[in-house]
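What follows is a single structure, written as structure tokens, with notes after it.
Each value in this text was obtained by applying a stated rule to the coordinates, not by laboratory testing. None of the values given here were measured: they were computed from a predicted structure. Because the Cβ atoms are built from the backbone with ideal geometry, glycine has one as well, and the counts that use them run over all protein chains shown.
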């Protein structure tokens, strides 16, 4: 069956699933490249550069390193270094707030993909039920068609279930991938907060 025939067989439910598929794919692509762009340097390598600068008392160079590396944890460290000279409590609180901001940016749109992944199957089943109802209605109107009418009607109705699965499975996989990446980013940010505070406290001693 051609794409047009599939859409026609599934009815309006297929158009809904097609729209959700396009939306899900757009978000998946956008988030993938966003995470890739913001993970070009490893946390260990980054914090080693920051430690080297802070141990020599060069906070300005450390801040410049943060600005050159567009990662969530570099933004967190930069938020703390911008308050260099303030109390440890102020620096720590500022960095924790930046962690929250970065986490919100990382989670943007991911809930949409998760929702599509969890509902697309049910939308497909809804379309299948409507298709079966339509098939039985056609049988009642065309008693001479026999089993062929039933088979054709149900076959067309099952297209919606297949489409729902085709939309849901990639969305669920992508959502789980996003959640794992976000957890890794959060871990890196929290470690950077701890390591930066240790460097700040050690420098004051």
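As a length-normalised measure over Cα pairs under 8 Å and 6 or more apart, the relative contact order of the chain settles at 31 percent.
Each peptide in 165-172, 58-65, 85-92 was scored by the mean count of other Cβ atoms within 10 Å over its residues; highest first, the order is 165-172, 58-65, 85-92. Taking 102, 195, 55 in turn, the Gaussian network model of the chain (Cα-Cα springs below 10 Å) assigns the largest fluctuation to 55. Extending 7 Å from the Cα toward the beta-carbon at both residue 44 and residue 19 defines two label points whose distance is 4.9 nm. What's log10 of I(q)/I(0) for the chain at q = 0.19 Å⁻¹, Debye sum over Cα points only, no solvent? Here the Debye-derived log intensity ratios amount to -1.15.
Computed from label points 7 Å out along Cα-Cβ, the spacing between residue 109 and residue 30 is 0.3 nm.
Against the chain, whose longest principal axis is taken from its Cα atoms, helix 43-55 shows a tilt of about 20°.
With both labels modelled 7 Å from their Cα along Cα-to-Cβ, the residue 83 to residue 67 distance reads 2.0 nm. Who wins for biggest fluctuation among 188, 70, 138 in a Gaussian network model of the chain, springs between alpha carbons below 10 Å? Comparing 188, 70, 138 in the GNM, the peak value goes to 138. Determine the distance separating the Cα centre of the stretch 47-123 from the Cα centre of the stretch 156-205; give it in Å without decimals. Using only Cα atoms, the two centres lie 15 Å from each other.
Each helix, a run of at least 4 DSSP H residues, gives -39500 (n - 2.57); summed and divided by the residues of the chain, these come to -30000 deg cm²/dmol at 222 nm.
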